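The values are calculated or read from the model by the stated rules, or taken from the named source; none is laboratory data. Because the structure is a prediction, the values reported are computed rather than measured. No Cβ is skipped: glycine too gets one built from the backbone with ideal geometry, and neighbour counts run over all protein chains shown. These area figures cover heavy atoms from the full protein model, side chains too; ligands, DNA and RNA do not enter into them. Shrake-Rupley method; radii C 1.70, N 1.55, O 1.52, S 1.80 Å.
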Amino acid sequence: MEVKKSPKANLEKGKSLSFLMGLVLALSVVFVALEWHSMDATGDGDADKVDISDIEDVMFIPDQQQQPDTPPEETPVETVEVALPEEFKVVDNDKEVAKIALVSVDEKKPLPTTVPVITQAPPQEVEQEEQIFEFVESNPVPPGGSQEALLKWIGRTLQYPEIAAENGVQGKVIVQFVVEKDGSITKATVVRGVDASLDKEALRVINKMDKWQPGKQGGKPVRVKYTLPIQFKLQ
């Protein structure tokens, strides 16, 4: 059979050369791929390097957690036995005790045969002052039996002081006193005075009065406070 192809169009001439070039290209691609993979595995970049000292610091960081506080151990309390001195020990009743002898400084003066005993007197009871009443069931009755009789007696007994009369001093002196359970007059004082001479004369007259009939509370005589005005008036 006659071949009709042109010699220029024949591809059999460059077949071996193309095969070699393809093989070289394939080996080159495989070599580059292997080198790239090894570079990624080794990590030549400075950013990916790790300092061994940092690793050591991390590995050897001590545990900083606080340990639970353990309660302090209680020390046992030792009991100490104290021995009583000889003079404080109990002595049997049957055992004789040494007697103490008294020695006199003055050899000529004999010692007393008996030891004086100091006795303390019982405390004296302080009598409490009985209550003084201002209002009672039965009021005290003055000498003469009435208030009018008392005022007449005061008018006869009263002596006007000369100094007060010369100076024209007059007024009402209010005197307060206590009628005791026996009717006597005590604790006479001037509640409101006018002049020193008039006040003194009013107290003199009050203290000169006879005994009253005492006031009574619950049927029993009691101490009663009484107030009496005395009028000083010039004629």
Computed from the beta carbon distance with a Förster radius of 35 Å, FRET efficiency for residue 138 and residue 176 to the nearest 0.05 stands at 0.95
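Can you give me the % of accessible surface on the range 140-219 that is carbon or sulfur? Probe 1.4 Å, all protein chains present, nothing else counted.
Of the solvent-accessible surface of the range 140-219, carbon and sulfur hold 48 percent.
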Sorted by chain and number, the residues with a modelled amide H under 5 Å from that of residue 194, at a separation of 5 or more or across chains, are 199
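Quick one: length gained pulling residue 31 to residue 18 fully straight, 0.36 nm per residue minus the C-alpha distance?
Values: separation 13, 0.36 × 13 = 4.68 nm, distance 1.99 nm.
Taking 0.36 nm per residue and subtracting the Cα distance, the gain is 2.7 nm.
With r defined as the distance between the Cβ atoms of residue 234 and residue 210 and R0 fixed at 22 Å, what FRET efficiency is calculated, to the nearest 0.05? Working shown, then result.
On the way: r = 28 Å, r/R0 = 1.27.
In this case the efficiency is close to 0.20.
Mind ordering 163-169, 179-185, 27-33, 189-195 by average Cβ neighbours within 10 Å, highest first?
Ranking, from highest mean packing down: 179-185, 189-195, 163-169, 27-33.
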Regression test value, accessible area per residue of the range 166-206, probe 1.4 Å, units Å², expected 50 Å²
With a 22 Å threshold on alpha-carbon distance, the violating pairs from 211/233; 152/211; 172/220; 152/181; 172/208; 152/172 are 211/233; 172/220; 152/181
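Which order do the peptides 144-152, 198-206 take when ranked by the mean count of other beta-carbon atoms within 10 Å per residue, highest first?
Numbers: 144-152: 12.4, 198-206: 18.8.
Final packing ranking: 198-206, 144-152.
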